[in-house]
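Input: a single structure, listed below in structure tokens.
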Amino acid sequence: MTSSVPTARGVFVTGTDTGVGKTLVTATVASALKTHSVNAGVMKPIATGPADGHALSDPDWLISVTETGDAPDLVAPYRFRLAASPLVAAAHANVAIDPTRITQALQTLSARHDCVLVEGIGGVLVPVTADLFVVDLIKRLGLPVLLVARAGLGSINHTLLTLDCLRTRGVPILGLVFNHPTRPPAAPDESDTVPTILRLSHVRSFGELPYCEGLPATWPRHRDTLIAQLDVQGLLEALGLRKLA
């Protein structure tokens, strides 16, 4: 029998794949909630790989931009230097990942914040341990999912497969946020990717974030533009936070 955190209020931000923009969406949503007087915490339970040339790793950047004041080890209970799945990175570091450590960290953060945004790693079928995938971790945490998907060509298959996996495992789906992690092509996009995904999935969208040059270093310049593209009122309602705003 798996444990869960039924008292936690928040959302698990997962993606269709690596590099889709989960960290950016997590930071944008947290910042948007903060502008509506919601005390939002952030968490990235497992971080792998170096900081990728940036001054800060993903969890440390989230702490920096959201100014939560929470301890780095609480925001990211597990950090591994190898850029690989948690299963492989942990084995390389000779560390055994204990999901209970993650659920306990979420409980602590939930007691400090109105809402906790938990960023995943890779997609939902990335292995965390030999018998636990990211989707299983989501179920243990007891949070609904906000799925980050690419807005351009090639995203339909990945997005529908991810939604199907979540539904099969009985994970509640809050909605989608579309992102442009790379510069869009000069030619007009006639793929109708976003409306096709919404029509076929019957899942709501909370916004489409534009491509912003130079992120994360240029976050202060693009922050307000990114927040403006979110349906913040819809998120507040979906998360049960409207009374707090």
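Using every pair of distinct Cα positions in the chain, the Kirkwood expression returns a hydrodynamic radius of 18.1 angstrom. Placing +1 on the Cβ of every Lys and Arg and -1 on the Cβ of every Asp and Glu, with nothing else charged, gives the chain a dipole about its Cα centre of roughly 460 debye. Sequence-distant contacts, meaning Cα pairs under 8 Å at least 6 residues apart, place the relative contact order of the stretch 1-137 at 38 percent. Entry comment: accessible area of the chain is 46 Å² per residue, from protein heavy atoms only and a probe of 1.4 Å.
If you take the square roots of the eigenvalues of the alpha-carbon gyration tensor of the stretch 61-163 and sort them as a ≥ b ≥ c, do you get rounded (a/c under 1.5), prolate (a/b over b/c) or oblate? Present the calculation step by step, with values, prior to reporting the outcome.
Details: a/c = 1.61, a/b = 1.17, b/c = 1.37.
Because a/c hits 1.5 or more and a/b fails to exceed b/c, the stretch 61-163 counts as oblate.
Dividing the Cα radius of gyration of the stretch 147-240 by 2.2 N^0.38 Å, with N the residue count, gives 1.15.
The convex hull drawn around the Cα atoms of the stretch 1-145, when projected onto a plane and averaged over every direction, covers 8.0 nm². For the chain, the carbon plus sulfur part of the accessible surface works out to 53%, probe radius 1.4 Å.
If you average the sequence gap of Cα pairs under 8 Å that are 6 or more apart and divide by the length of the chain, what percent do you get for the contact order?
Numbers: 442 pairs, mean separation 64.7, N = 245.
So the answer I get is 26 percent.
Summary of packing: across the peptides 112-118, 91-97, the per-residue average of other C-beta atoms within 10 Å ranks them, highest first, as 112-118, 91-97.
Per-residue ellipticity at 222 nm computed for the chain from its helices equals -11500 deg cm²/dmol, with DSSP H segments shorter than 4 residues left out and the rest contributing -39,500 (n - 2.57).
With a Cα cut-off of under 22 Å and a minimum spacing of 8 residues unless on different chains, the lysine pairs in the chain number 6. Along its first, second and third principal axes, ordered by size, the stretch 104-172 spans 41, 29, 19 Å in Cα coordinates.
Between residue 104 and residue 84, residue separation times 0.36 nm minus the direct Cα-Cα distance comes to 4.8 nm.
Averaging Cα coordinates gives a centre for the stretch 19-93 and one for the stretch 168-185; these two points are 18 Å apart.
The values are calculated or read from the model by the stated rules, or taken from the named source; none is laboratory data. Bear in mind the structure is a predicted one, so any value in this text is a computation, not a measurement. Cβ coordinates were reconstructed from backbone atoms using ideal geometry, including for glycine residues, and neighbour counts include every protein chain displayed. The area values use the complete protein model at the heavy-atom level, side chains included, leaving out ligands, DNA and RNA. Shrake-Rupley method; radii C 1.70, N 1.55, O 1.52, S 1.80 Å.
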